[in-house]
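The values are calculated or read from the model by the stated rules, or taken from the named source; none is laboratory data. All values reported here derive from a predicted model rather than from experimental measurement. Don't worry about glycine lacking a Cβ; one is built from the backbone with ideal geometry, like all the others, and counts go over all protein chains shown.
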Amino acid sequence: MDFGFGIAPSSTINLDKVDRSRFTRLHELEPDVYKCMACGSCSSTCPAGRFSGMSVRKVILALQRGKEKEAVRMLKGCMLCGKCSMVCPRGINTRHLILSICRIYNEEQQ
Amino acid sequence: MKENIVIIGGGAAGLEAAGQLIRLGYSPIIVEKEDHLGGHLAEWHCLFPDMTPASDIVGRLAGAVSDANIFTNTEILFINHLKDSYNVMLSNGVSIIARVILFTTGFRLFDAARKEEYGYGIYNQVITNSDLEHWFRTGDDDRIGSVPMEAVGFVHCVGSRDEKAGNAQCSKVCCITAVKQAIEMKKRFPDAMVYCFYMDLRMFGKKYEDFYISAQRDYGVRFIRGRVSEVSENIEGKVVVKAEDTLAGKPVRVTLDLLVLMAGMVCNPDSTKVASMIPLQTDSDGFLKSKDNILEITSSSRKGIFYAGACTGPKTVPETLAEARSAALDIHNFIESL
């Protein structure tokens with residue numbers, strides 16, 4: 001019977017079920033991806049962020065939490081201007097990282 | 001010099017202060033309630049940030065006081081305030097008249113069982129930082145290594161920054177201790193996922209930040225910002241942890257083979273008991289109250305009573321040692337002025 005409403009799916013991230021194989025591959029190419037401490041400098045300086053929802057911090061987190069589609073969708077807003085790599089206090093080459101993410105995660109989708 | 005100096009507590013602070021006083025020509029008396037010297041340090045395996053074996057440090061500190069009068073297995077029965085000195089009665093029947101007493105009574109580790117939601121003492125695979133350190137030191141603990149270690153978690157701030165537990169203070173050393181222990185676990189179980197659940201990471205000391213970056217990049221320890229809210233046990237005897245990943249803004253759950261609770265530093269009730277004999281004031285956090293928290297941290301408001309180390313609040317080992325040296329100098333100046 002349709003009551004006209006339903007229960008939204010659980011938003012819980014279950015770390016037991018996250019497939020880490022692609023992230024492991026990314027980590028091999030980009031060891032610095034683990035250095036992110038989620039300060040948010042990249043996101044606040046990103047000229048595309050406020051229009052497209054792009055955020056490098058969120059992309060790195062989403063990939064580790066198994067939200068790969070969400071991450072790839074966010075990356076579509078990136079213009080590769082490289083401002084984020086200039087402000088990263090941990091010296092992560094974010095531009096290079098973004099390109100590696102695109103390579104690994106887009107391969108899978110094709 | 002014939003001046004009795006009673007040092008209450010034979011941990012890092014007591015030993016260092018005694019060593020310095022001996023160098024200055026005094027013969028201090030150390031009173032220790034346990035059967036060995038070294039206090040909490042003697043129970044620890046190795047220390048951040050250079051993984052120095054704790055036994056080396058205790059050995060060096062104890063070596064410098066071999067000439068001191070040391071009473072182990074001894075407690076303070078009472079302290080009487082005389083005209084310008086104190087009569088200290090010990091449980092071994094010795095009574096000492098001294099014009100100077102140094103409190104190096106230290107801290108007590110928070111009893112993690114009080115945070116019932118974390119299941120210490122209820123679930124087998126939930127242990128504390130101190131239990132883990134014991135295992136590193138002796139290899140003697142059935143809970144670790146007997147089952148495959150695929151995922152290990154650390155909970156920061158257990159009994160620290162917790163008003164409900166009666167400890168609003170930050171214990172200062174747990175963040176970096178968790179990083180250290182997480183690295184050690186990764187070294188022993190390279191394939192294990194190691195998670196640290198934290199509220200803030202307070203990496204204030206020399207080389208702490210390097211240690212933290214290394215834990216992330218070189219060892220792959222994963223840091224999740226969010227306080228663990230509850231822990232349960234599944235049918236296989238593993239622990240299921242629930243928290244909020246506050247960076248993602250979503251609840252997170254994970255099944256672990258071992259959960260380590262970073263129990264913090266709280267005031268030592270034995271210290272409070274002895275302090276009440278004089279009596280000395282305690283601060284709002286329950287630790288002993290210094291005359292001034294900036295200028296006179298090693299002085300009490302009573303003449304001839306000094307403090308060093310974690311009896312006045314959570315401290316790292318180097319801070320404790322520095323304070324012990326400073327207290328020794330203060331005592332020397334005090335005796336000179338008499």
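The residues in the range A:86-103 that are surrounded by fewer than 20 Cβ atoms within 10 Å (Cβ to Cβ) and away from chain B (no Cβ under 14 Å) can be counted, and the count is 8.
Once the range B:129-164 is narrowed to residues that are touching a residue at least 12 places away in the same chain (Cβ under 8 Å) and among the hydroxyl-bearing types (Ser, Thr, Tyr), the residue that is nearest to B:Val221 (Cα to Cα) is B:Ser130.
If you check B:Asp84 against the conditions, is it exposed (fewer than 14 other Cβ atoms within 10 Å of the Cβ), under 26 Å from B:Asp131 (Cα atoms) and not small (Gly, Ala, Ser)?
For B:Asp84, the condition - exposed (fewer than 14 other Cβ atoms within 10 Å of the Cβ), under 26 Å from B:Asp131 (Cα atoms) and not small (Gly, Ala, Ser) - is not met.
Taking the stated definitions as given, is A:Ser100 of a type outside the set (A, V, I, L, M) and more than 22 Å from B:Gly249 (Cα to Cα)? For A:Ser100, the condition - of a type outside the set (A, V, I, L, M) and more than 22 Å from B:Gly249 (Cα to Cα) - is met. Just one of the numbered conditions (1) modelled with pLDDT of 95 or more; (2) out of contact with any Asp or Glu (no Cβ under 9 Å at 6 or more places or on another chain); (3) over 30 Å from B:Phe197 (Cα atoms) is not true of B:Asn80; which one? Answer for B:Asn80: the failing condition is (1). Each residue in the range A:45-69 was checked for being buried (at least 17 other Cβ atoms within 10 Å of the Cβ) and either on the phi > 0 side of the Ramachandran plot or not β-branched (Val, Ile, Thr) (or both), and 15 pass. Among the conditions (1) in contact with an Asp or Glu (Cβ under 6 Å, 6 or more places away or on another chain); (2) part of a helix (DSSP H, G or I), B:Ile57 misses just one, which is (1). Of the residues making up the range A:1-40, just one is touching a residue at least 60 places away in the same chain (Cβ under 8 Å), over 14 Å from A:Leu61 (Cα atoms) and either within 11 Å of chain B (Cβ to nearest Cβ) or of a type in the set (Gly, Ala, Ser) (or both), namely A:Glu30. Here the strands (runs of 3 or more DSSP E) wholly within the range B:183-285 that include at least 3 residues being more than 30 Å from B:Ile101 (Cβ to Cβ), touching a strand residue (DSSP E or B) at 6+ places or on another chain (Cβ under 9 Å) and within 14 Å of chain A (Cβ to nearest Cβ) are B:193-198, B:222-225, B:228-233, B:239-245, B:250-256.
Need at least 3 residues that are in contact with a strand residue (DSSP E or B) (Cβ under 7 Å, 6 or more places away or on another chain), within 22 Å of B:Met185 (Cα to Cα) and modelled with pLDDT of 95 or more per element, so show me which strands (runs of 3 or more DSSP E) inside the range B:93-132 make the cut, counting only ones lying wholly within it. Spell out how you get there, then give the answer.
Working: elements: B:95-98, B:100-103, B:107-109, B:126-128.
It comes to B:126-128.
Scoring B:Gly145 on the criteria (1) over 30 Å from B:Ile5 (Cβ atoms); (2) surrounded by 19 or more Cβ atoms within 10 Å (Cβ to Cβ); (3) of a type in the set (Gly, Ala, Ser) leaves a single failure, condition (2). Yes or no: B:Ile297 within 13 Å of another protein chain (Cβ to nearest Cβ) and either within 30 Å of A:His27 (Cα to Cα) or among the aliphatic types (A, V, I, L, M) (or both)? No; evaluated as a whole, the condition is false for this residue.
Tallying residues that are within 30 Å of B:Ala182 (Cβ to Cβ) and either touching a Pro at 6+ places or on another chain (Cβ under 8 Å) or β-branched (Val, Ile, Thr) (or both) within the range B:48-88 yields 3. Answer yes if at least one residue in the range B:275-286 is assigned by TED's automatic domain parsing to the domain that holds B:Asn80 and under 26 Å from B:Ile57 (Cβ atoms), and no otherwise. Checked against the condition, which is being assigned by TED's automatic domain parsing to the domain that holds B:Asn80 and under 26 Å from B:Ile57 (Cβ atoms), the range B:275-286 yields no hits at all.
Is one or more of the residues making up the range A:71-78 farther than 21 Å from B:Phe223 by Cα and within 14 Å of another protein chain (Cβ to nearest Cβ)? Within the range A:71-78, one or more residues are farther than 21 Å from B:Phe223 by Cα and within 14 Å of another protein chain (Cβ to nearest Cβ).
Check B:Gly59, B:Gly25, B:Gly38 and return the single one that is within 19 Å of B:Ala324 (Cα to Cα) and in contact with a Leu (Cβ under 9 Å, 6 or more places away or on another chain). Break it down into steps so the answer makes sense when it comes.
On the way: B:Gly59 fails: in contact with a Leu (Cβ under 9 Å, 6 or more places away or on another chain); B:Gly25 fails: in contact with a Leu (Cβ under 9 Å, 6 or more places away or on another chain).
That would be B:Gly38, the only listed residue that is within 19 Å of B:Ala324 (Cα to Cα) and in contact with a Leu (Cβ under 9 Å, 6 or more places away or on another chain).
Inspect the range B:69-80 for any residue being in contact with a Cys (Cβ under 8 Å, 6 or more places away or on another chain) and not in a strand (DSSP E or B) and give the result as yes or no. No - not one qualifying residue is present in the range B:69-80. Would you call B:Ser271 free of Cβ contacts under 8 Å to residues at least 12 places away in the same chain and not hydrophobic (A, V, I, L, M, F, W, C)? The answer is no for B:Ser271. The set of residues in the range B:142-182 being in a loop (DSSP other than H, G, I, E, B) and either touching a Phe, Trp or Tyr at 6+ places or on another chain (Cβ under 6 Å) or among the aromatic types (Phe, Trp, Tyr) (or both) consists of B:Ile144, B:Met149, B:Gly159.
State whether one or more residues within the range A:25-39 are within 28 Å of B:Glu244 (Cβ to Cβ), touching an Asp or Glu at 6+ places or on another chain (Cβ under 9 Å) and surrounded by 19 or more Cβ atoms within 10 Å (Cβ to Cβ). Taking every residue of the range A:25-39 in turn, at least one turns out to be within 28 Å of B:Glu244 (Cβ to Cβ), touching an Asp or Glu at 6+ places or on another chain (Cβ under 9 Å) and surrounded by 19 or more Cβ atoms within 10 Å (Cβ to Cβ).
The one condition from (1) in contact (Cβ under 8 Å) with a residue 40 or more places away in the chain; (2) of a type in the set (S, T, N, Q); (3) closer than 29 Å to B:Tyr26 by Cβ that B:Thr255 does not meet is (3).
Here is a yes/no grid of residues against (1) more than 21 Å from the chain's Cα centre (by Cα); (2) charged (D, E, K, R); (3) crowded, with 18+ Cβ neighbours inside 10 Å:
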residue: B:Leu259; (1), (2), (3): no, no, yes
residue: B:Lys273; (1), (2), (3): no, yes, no
residue: B:Leu280; (1), (2), (3): yes, no, yes
residue: B:Asp283; (1), (2), (3): no, yes, no
residue: B:Phe306; (1), (2), (3): no, no, yes
residue: B:Pro314; (1), (2), (3): no, no, yes
residue: B:Ala322; (1), (2), (3): no, no, no
residue: B:His332; (1), (2), (3): yes, no, yes
residue: B:Glu336; (1), (2), (3): yes, yes, no
